[in-house]
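Everything on this sheet refers to the single structure shown next.
The values are calculated or read from the model by the stated rules, or taken from the named source; none is laboratory data. What you are looking at is a predicted structure, and each value in this text was computed from that prediction instead of being measured. Positions of Cβ are backbone-derived with ideal geometry, glycine not excepted, and every protein chain shown enters the neighbour counts. Surface accessibility is based on the protein's heavy atoms, side chains included, excluding ligands, DNA and RNA. Shrake-Rupley method; radii C 1.70, N 1.55, O 1.52, S 1.80 Å.
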Amino acid sequence: DIDHIKGAIKEVQNRIDFVNLSSQPTDLLAIISNKQVCDILYEFFKVSISIMDMGELSEKFKDFEKSKKYTKMQDTVGAIQKEIKKNKNHGQTEMIKLDELLKKIFDSLNIDDLDSINEQLKEILDKIRAINKENERLAARYDGNYAFVKTYQDLCEMHPEYDKKNLEGVLDIVYFSVKDIKDNNILILQGRDIFTTSVKKSTTKELLKSGLYKKLSLKDWYTDILNEVYMNLKKF
């Protein structure tokens, strides 16, 4: 029965889609459309109720797709998805934490608990908006150069012992040095060592003058910072 096989394949794909959504939500939300997300959630609820009712849709599901509770959840998920797509660094600690929260929510979806689910989703939406707002602030500081945003975030995570303003100060000096180097893309293409040596040469004096070189013990790890900048410039 070809129609039966096609239907079975569709149901298997629906389950695979939901497994992917609940196991790697941030990654999937970043690459699929909002309609696909809504379809995955709708199919999940439909199948869940079908299984509970031994193959017959319950009364509560008749108007489910148009219900206010479900529509609110769709809107919130859509807003979260928009913010995830806006975020360029899914590897930052705050985004990983939100990914874990989304996993828990999708793992415990229940048609009778949509109000609670929507409240949890709204909290996630507020958090990711705050993350993106801070990222936009940093991006504006570096004229939209996201390589320096990621470098700053990486440094804050690797060295929580240092004041964030001081780390920003170091990157400001590095950024203005790189910004002023003519054909810096060519410099990047020439390799990490040449890039690091060149930037170090043009920034060390300014860092010493600002007091940051000594304050952050940059003698021990300034090369690491420049290596990080180099890698992120290649990435972004």
State all residues of region 210-229 that are closer than 14 Å to Leu155 by Cβ and open to solvent by less than 60 Å² (accessible area, probe 1.4 Å); if no residue qualifies, say none. Leu212, Leu216, Ser217, Leu218, Trp221, Tyr222, Thr223, Ile225, Leu226, Asn227, Glu228, Val229
For region 214-236, give me each residue that is among the aliphatic types (A, V, I, L, M) and free of Cβ contacts under 8 Å to residues at least 60 places away in the same chain. Leu216, Leu218, Leu226, Met231
Suppose we filter Leu102, Leu121 for residues that are under 21 Å from Asn20 (Cβ atoms) and touching a Pro at 6+ places or on another chain (Cβ under 7 Å); which single one remains? Leu102
Having 3 or more residues that are touching a residue at least 12 places away in the same chain (Cβ under 8 Å) is the bar; report the helices (runs of 4 or more DSSP H) wholly within region 117-199 that clear it. 146-158, 164-180
Within the set of pairs 6 or more residues apart or between chains, which connect a residue that is part of a helix (DSSP H, G or I) inside region 68-91 to a residue that is of a type in the set (Asp, Glu) with Cβ atoms less than 8 Å apart? Lys69/Asp115
Filter region 1-55 down to the residues that are among the small types (Gly, Ala, Ser), surrounded by 13 or more Cβ atoms within 10 Å (Cβ to Cβ) and within 17 Å of Ile84 (Cβ to Cβ), then identify the one that is modelled with the lowest pLDDT. Ser22
Would region 206-213 turn up any residue that is part of a helix (DSSP H, G or I), in contact (Cβ under 8 Å) with a residue 24 or more places away in the chain and under 29 Å from the mean Cα position of the chain (by Cα)? no
Enumeration of residues in region 180-228 that are more than 18 Å from Phe148 (Cβ to Cβ), among the β-branched types (Val, Ile, Thr) and at pLDDT below 90: Ile186, Ile194
Based on what the data block shows, is Leu109 at pLDDT 90 or above and closer than 18 Å to Phe18 by Cβ? no
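A quick yes/no check of all residues on (1) of a type in the set (A, V, I, L, M); (2) surrounded by 12 or more Cβ atoms within 10 Å (Cβ to Cβ); (3) in contact with an Asp or Glu (Cβ under 8 Å, 6 or more places away or on another chain):
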position: Ile111; (1), (2), (3): yes, yes, no
position: Leu125; (1), (2), (3): yes, yes, yes
position: Asn145; (1), (2), (3): no, yes, no
position: His159; (1), (2), (3): no, yes, no
position: Lys165; (1), (2), (3): no, no, no
